[in-house]
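The values are calculated or read from the model by the stated rules, or taken from the named source; none is laboratory data. This one's a predicted model, so the numbers in the text were calculated from it and none came from an experiment. Glycine also receives a Cβ, built like all others from the backbone with ideal geometry; neighbour counts cover every protein chain displayed. For the accessible areas, the whole protein counts, side chains as well, though only heavy atoms, and no ligand, DNA or RNA atoms are used. Shrake-Rupley method; radii C 1.70, N 1.55, O 1.52, S 1.80 Å.
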Amino acid sequence: MEKTGKQVHHSTCLVWIIGIILLIPSMASGLEVSARVDKTQITSEDTVSLQVIVNGGRAVLDLSGITDFEVHPRGTSSSFQYINGKSERKTIYQFLLVPLKQGQLTIPAIQAEMNGQTGRSQPVQIQVVKSVVDPDQVRPLFA
């Protein structure tokens, strides 16, 4: 049995429609962004290492909401995995945060934007306490 031009055209359109329907949920899900810190309780003399992980590749980060800390960039790393036909890209942005005051400080949700998609991390709470130094205590100095 021979297919006519109209039948081939209809089956091609059907394949395209199914493909678009399958892609819509992944496009609507947004960008996956997470934030991690190495410690959640520090003294006013300590620093916090912050990692912002973006699944999907390189993104533009908005760190303007971080007002309780000085932010110092510490580098970026990227990885790509291709396993069983599924690919995954991940970029990790690293920052060193210096507290500007004491108390319960918040690293707000960090927004990332890539290819018109946006995503936000969850806020992170950091407790900054006053450093108690005993005059008899000798503290090592690291340079």
Report task. Roll a 1.4 Å probe over the protein chains and send me the accessible area per residue for the stretch 29-79 in Å². Result -> 56
Report summary line: From highest to lowest solvent-accessible area (probe 1.4 Å; ligands, DNA and RNA excluded), Asp38, Asp46, Asp68 read Asp38, Asp46, Asp68
Query raised in the report: Residues with amide H under 5 Å of Val124's amide H, sequence separation 5 or more or different chain, H placed in the peptide plane at 1.01 Å from N; which?
Result: Ile107
Report summary line: Residues whose built amide H sits under 5 Å from the amide H of Thr43, excluding neighbours closer than 5 in sequence, are Val129
Report summary line: Ile92 and Gln41 label points (each 7 Å along its Cα→Cβ direction) are spaced in nm at 2.6
Query raised in the report: Accessible area, 1.4 Å probe, largest first: how do Ser121, Ser87 sort?
Result: Ser87, Ser121
**Report entry** Candidates per trypsin sites (Lys or Arg not before Pro) in the stretch 35-131, loop by DSSP, up to 12 other Cβ within 10 Å
**Finding:** Lys39, Lys101, Lys130
